[in-house]
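J.: What follows is a structure written as structure tokens; I'll ask about it next.
The values are calculated or read from the model by the stated rules, or taken from the named source; none is laboratory data. No experiment lies behind these values; they were computed from the predicted model shown. Reconstructed Cβ throughout: ideal geometry from the backbone, glycine too, with neighbour counts over all protein chains shown.
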Amino acid sequence: MRKFTVIASGLLLGLGIVAWKTAIAADAPKAADEAAERAKFVGVWKGYAVEGKGENPNRGPVKLEITATDKTMHGIQIKSDGNVDHGVGEFTFDLAAEPRRLDAAKTNERGRKQEYIGIYALEGDTLKWCVSPQKVRPETFETKKGQFLVILKRDKTAAK
């Protein structure tokens, strides 16, 4: 009986090590995928918070410019009477979700954390980000109560 217990313990330990190595190996591609996705975001993006489902992507009530590094976003609202700096914040992905998720957070001038949760689609040099400052994640790409759709184009003239 003791021999069986030792063999079973050894087998379980071996399986545990295999599972642990498999989990580590599985995390490596995830990290590589996220790093590759982050690299696609780096640059300057210009566009609009659009109405509806973005039927008119080249205009909207709010004109925006977002500068992204591999970890942060800096948002500026472009206005004829002076730009509004919306600050810098970090962003995170969930690449396994469908549609993919893009969340951003920043600390405002009063020290309060503001979170924006959303979904996104990145197709070439066009980024669609449907985002909500509420606690409910958008399910569709459209501007409606509690969420807004931003359509941005990569500014190829800006230096990365």
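J.: Quickly run through region 105-145 and pick out the residues that are surrounded by fewer than 16 Cβ atoms within 10 Å (Cβ to Cβ) and part of a strand (DSSP E or B).
T.: Ala105, Thr107, Lys113, Gln114, Glu115, Ala121, Glu123, Thr126, Lys144, listed by residue number.
J.: When you check Leu64 against the structure, is it farther than 19 Å from Glu37 by Cα, modelled with pLDDT of 95 or more and either assigned by TED's automatic domain parsing to the domain that holds Lys30 or out of contact with any Cys (no Cβ under 9 Å at 6 or more places or on another chain) (or both), yes or no?
T.: Spelling it out, Leu64 is indeed farther than 19 Å from Glu37 by Cα, modelled with pLDDT of 95 or more and either assigned by TED's automatic domain parsing to the domain that holds Lys30 or out of contact with any Cys (no Cβ under 9 Å at 6 or more places or on another chain) (or both).
J.: Hey, another quick one. Using the structure shown, decide if Val88 is among the β-branched types (Val, Ile, Thr) and not in a strand (DSSP E or B).
T.: no
J.: Also: May I ask you to list the residues in region 146-160 that are under 23 Å from Val42 (Cα atoms) and crowded, with 19+ Cβ neighbours inside 10 Å?
T.: Of everything in region 146-160, those that are under 23 Å from Val42 (Cα atoms) and crowded, with 19+ Cβ neighbours inside 10 Å turn out to be Phe148, Leu149, Val150, Ile151, Leu152, Arg154.
J.: Looking at (1) out of contact with any Asp or Glu (no Cβ under 9 Å at 6 or more places or on another chain); (2) touching a residue at least 24 places away in the same chain (Cβ under 8 Å), which one does Gly82 not meet, given that it meets all the others?
T.: So Gly82 meets the others, but not (2).
J.: From Asp33, Asp81, Asp70, grab the single residue that is part of a helix (DSSP H, G or I) and either out of contact with any Phe, Trp or Tyr (no Cβ under 7 Å at 6 or more places or on another chain) or surrounded by 13 or more Cβ atoms within 10 Å (Cβ to Cβ) (or both).
T.: After ruling out the rest, the residue left standing is Asp33.
J.: Just a yes or no: is a residue in region 68-75 modelled with pLDDT under 95, of a type in the set (Asp, Glu) and not assigned by TED's automatic domain parsing to the domain that holds Lys113?
T.: No.
J.: Ok, one more. Among (1) more than 30 Å from Ala32 (Cβ to Cβ); (2) in contact (Cβ under 8 Å) with a residue 60 or more places away in the chain; (3) within 17 Å of the chain's Cα centre (by Cα); (4) in a loop (DSSP other than H, G, I, E, B), which single condition is Phe148 missing?
T.: (4)
J.: Also, I was wondering about something else. Would you tally the residues in region 91-101 being assigned to a strand (DSSP E or B) and either more than 14 Å from the chain's Cα centre (by Cα) or not aromatic (Phe, Trp, Tyr) (or both)?
T.: 3
J.: Could you please let me know if Gly60 is within 23 Å of Thr157 (Cβ to Cβ), surrounded by 14 or more Cβ atoms within 10 Å (Cβ to Cβ) and touching a residue at least 12 places away in the same chain (Cβ under 8 Å)?
T.: In short, yes.
A quick yes/no check of all residues on (1) within 18 Å of the chain's Cα centre (by Cα); (2) at pLDDT 50 or above:
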position: Ile7; (1), (2): no, no
position: Ala26; (1), (2): no, no
position: Ala32; (1), (2): yes, yes
position: Val50; (1), (2): no, yes
position: Asn58; (1), (2): no, yes
